[in-house]
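The values are calculated or read from the model by the stated rules, or taken from the named source; none is laboratory data. On a predicted model such as this, the values are computed, not experimentally measured, just so you know. No Cβ is skipped: glycine too gets one built from the backbone with ideal geometry, and neighbour counts run over all protein chains shown. Please note that ligands, DNA and RNA were not included when accessible areas were found on the heavy atoms of the full protein model with its side chains. Shrake-Rupley method; radii C 1.70, N 1.55, O 1.52, S 1.80 Å.
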Amino acid sequence: MDFPVTFQLFGKTIFAHPVFETLGMFIGMRYYFYLKRISKEKVSFNTSAAILIGATAGALIGSKLIGNLENPYRLFEHFHLKTFWTNNTIVGGLAFGLIGVELAKKIVGHKESTGDLIVYPLILAMIIGRIGCFLTGVYEETYGLPTNSMFGMHLGDQYLRHPVALYEIVFLIFLWVCLKMFQKRKKFPSGFIFQLFMLNYFIFRLMLDFIKPRIELIGNLGTIQIVCIGIIIYYIYKIKNEIGLLPNKNTKTI
């Protein structure tokens, strides 16, 4: 396979990444609306609209902000609006999307968790998007460090590199299966599956970014890893509280 894989659209050459990213978002949203339609848990239109706006605005801001802060020296020394707009990361999108949703819920006075329904559409969208990352190779900053391991691949330059996009696809499929199995075991509080997804994904990304090119800011940690640690701490606290509220099998009810 030759990298990067490109498409011709209206006389312009377009990398696979934005094509698959857009396709992933479209299919993921269609899947979400399908699950929402068949779900027994109904949320009012105003609440749904507020949450969707909050999530979208937060994800857009966060993906661009954290994506550009991956290399803060380049951002502040050579700021360019076009470059700022094209840099993004799913880590920032998830982290700030969460903030946007929580703010929207406070505004409309909705106290219950609403994340479970979006988990599998989100995973599906991310898998499709990562296919685009892989097909783009080293021509966007979504590739791994050089390696001599059996997993090394030529992604468009002379080095064998970690195909980190493929690693993430495999992880997301595995996480999907595990969450489905976990969900069937017992009934959990609303939002618990989303919390498990976020905790596991951010732990994975924290570790994955050690084999990706990065600007080290604190110790040997890059911007994305610092964000990951903050989200991991937040969700460990959240899940610990949720587990404390689960009924104990040995507790007798009157």
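Quick notes on this structure:
- Qualifying residue in the range 94-117 (condition: assigned to a helix (DSSP H, G or I), touching a Gly at 6+ places or on another chain (Cβ under 7 Å) and among the charged types (D, E, K, R)): yes
- Of the residues making up the range 127-151, those that are closer than 16 Å to residue 6 by Cβ and more than 19 Å from the chain's Cα centre (by Cα) are 137, 138, 139.
- Candidates 148, 88: the one that is buried (at least 18 other Cβ atoms within 10 Å of the Cβ), free of Cβ contacts under 8 Å to residues at least 40 places away in the same chain and not hydrophobic (A, V, I, L, M, F, W, C) is 88.
- When 22, 6, 47, 13 are screened for being β-branched (Val, Ile, Thr), under 30 Å from residue 101 (Cα atoms) and at pLDDT 85 or above, only 22 passes.
- Residue in the range 126-143 that is open to solvent by 60 Å² or more (accessible area, probe 1.4 Å), at negative phi, assigned to a helix (DSSP H, G or I) and at pLDDT below 95 present: yes
- Search result, residues across the range 61-77 that are open to solvent by 80 Å² or more (accessible area, probe 1.4 Å) and either acidic (Asp, Glu) or within 19 Å of residue 140 (Cα to Cα) (or both): 73, 74, 77
- Looking across the range 20-49, the residues that are part of a helix (DSSP H, G or I), open to solvent by less than 70 Å² (accessible area, probe 1.4 Å) and touching a residue at least 60 places away in the same chain (Cβ under 8 Å) come down to 20, 21, 24, 27, 28, 29, 31, 32, 35, 36, 47.
- Residues of the range 153-174 satisfying the condition of being among the small types (Gly, Ala, Ser) and open to solvent by 20 Å² or more (accessible area, probe 1.4 Å): 156
- Restricting the range 1-19 to residues that are open to solvent by less than 40 Å² (accessible area, probe 1.4 Å) and in a helix (DSSP H, G or I), the residue that is farthest from residue 93 (Cα to Cα) is 16.
- Flag if residue 215 is part of a helix (DSSP H, G or I) and among the β-branched types (Val, Ile, Thr): no
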